Amino acid sequence: MVNDTLAQSARAAHDWGLASWLGGTMYGQFALNPAVAKIEDKRERGKVVNAAWTGYNLINALSLGSVAIGWFGSRLTETRPDRLTPDERKLAMAKDGFTLAALATGIGSAVAGARLARQAPEGAVPIERGTKPATETPAEAAKAQRTLFGLGLLNIASGVGLVIVNALLGQREHSRPPLRRSLLRRSR
């Protein structure tokens, strides 16, 4: 049995990480990346986008790490398969998959973003928008941008999946009578 304070802290870190990572990623993909098209100089666009994402990398990494540690830590304790109903097991397995997808696409995005930023001093790669190359974007940088676009959408999709599964798992937990929840927790 896990100490309640530890379990609650891990859950809070997980939920903070999910909100921070998904919110930041969605903002970047749907607001920042398109908005830089307002900057006239295409190299300055690249410089701004690369500086913004580089500045958010630490928060993104801590957030994704909190999601993974919070969830997979709970899989060793309160969300072990033997402590879940058959429906909860299916949801937990879906959450395992979404969490792994989030980690893989998050790491892939960080690698592709670093590769893009290294294509020019201070990340000043000429771009149309954050994930859309300009005609003068060098081939390798354009490839990194297209990779970032695809990985970014997959990363967001995995985050949305996590939010949905969290809601479904949370609702199931609240749907059980308190006494039954308490007995289930103590019996295993």
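The values are calculated or read from the model by the stated rules, or taken from the named source; none is laboratory data. None of the values given here were measured: they were computed from a predicted structure. Don't worry about glycine lacking a Cβ; one is built from the backbone with ideal geometry, like all the others, and counts go over all protein chains shown.
Worth a mention:
- Qualifying residue in the stretch 36-45 (condition: under 15 Å from Leu148 (Cβ atoms) and either in contact with an Asp or Glu (Cβ under 9 Å, 6 or more places away or on another chain) or surrounded by 16 or more Cβ atoms within 10 Å (Cβ to Cβ) (or both)): yes
- Restricting the stretch 106-157 to residues that are touching a Lys or Arg at 6+ places or on another chain (Cβ under 6 Å) and not aliphatic (A, V, I, L, M), the residue that is surrounded by the most Cβ atoms within 10 Å (Cβ to Cβ) is Gly123.
- Answer from Ser66, Ser20 - the residue that is in contact with a Ser or Thr (Cβ under 6 Å, 6 or more places away or on another chain) and touching a residue at least 24 places away in the same chain (Cβ under 8 Å): Ser20
- Among residues of the stretch 47-69 being within 22 Å of Ser158 (Cα to Cα) and either in contact with a His (Cβ under 8 Å, 6 or more places away or on another chain) or among the basic types (Lys, Arg) (or both), the one that is modelled with the lowest pLDDT is Ile69.
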